Structures are given as C-alpha cells and as structure tokens.
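The values are calculated or read from the model by the stated rules, or taken from the named source; none is laboratory data. Everything numeric in this text was worked out from a predicted model, so none of it was measured. Cβ: placed from backbone, ideal geometry, glycine included. Neighbour counts: every protein chain shown. The area values use the complete protein model at the heavy-atom level, side chains included, leaving out ligands, DNA and RNA. Shrake-Rupley method; radii C 1.70, N 1.55, O 1.52, S 1.80 Å.
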Amino acid sequence: MKKGLILMTVVPVCSLLFGLNAMFAQEGQADHDKLFNDKCSQCHSLKRVEKRRMSAQDWEKTVQSMKKKKKSNITDEDAKVIVTYLAGRYGK
C-alpha cells in the first residue's frame, strides 16, 4: 500500500519536473537563437553561417573576430552564448 502511494506521488512529480526542464530548455534555446539572429545578421546573411560546420574552437575564433568589429555590438557574455549555440548547432 505504501509503495503504491509513493509511486502515485513520485511519478507525477518527476513528470512535472521533466516537463518544466524541457520547457525551460526550449525557452533558453529560443533566447540563444534570437541572440544569434540579432547580433550576427547585423553584418551578414545568416545563410553564410548556416552553411559552415566548424569545431567549437573555430567558432570561438570566428566569433571573437566578429566581436572586434564596431558594428557587431557583441559583449563577452553574448560571445560565449553564441559560440555555444554555433558549436552545438553547426559544429563538426
């Protein structure tokens, strides 16, 4: 009886937590996608970026290079997020 009660409590709670985690992950991904779109499209087409497949190190070099350009307005924090996004989405 106690095992059934525990399962009836634990399973819904775990399901709720898993659902919330997935929801927040999607929101975070949307934020990263928006940051990438906002910052990188200021200077060039996003198709140019989407065609590339590079390692995280190569993306880091590229983003740092772009960050130095006046028009980019990319902060250190933006650069970290963009590199992580690019490496995950367009990595080798």
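Within the stretch 67-92, which residues are open to solvent by 60 Å² or more (accessible area, probe 1.4 Å), within 13 Å of residue 38 (Cβ to Cβ) and in a helix (DSSP H, G or I)?
71 - this is the single residue of the stretch 67-92 that is open to solvent by 60 Å² or more (accessible area, probe 1.4 Å), within 13 Å of residue 38 (Cβ to Cβ) and in a helix (DSSP H, G or I).
I'd like the full set of residues that are under 15 Å from residue 35 (Cα atoms) and among the hydrophobic types (A, V, I, L, M, F, W, C), limited to the stretch 45-66.
46, 49, 63, 66
Of (1) at pLDDT below 90; (2) crowded, with 16+ Cβ neighbours inside 10 Å, residue 58 satisfies all except one. Which?
So residue 58 meets the others, but not (1).
Mind counting the residues in the stretch 2-55 that are closer than 16 Å to residue 85 by Cα, hydroxyl-bearing (Ser, Thr, Tyr) and either open to solvent by 70 Å² or more (accessible area, probe 1.4 Å) or modelled with pLDDT under 85 (or both)?
Here the count works out to 1.
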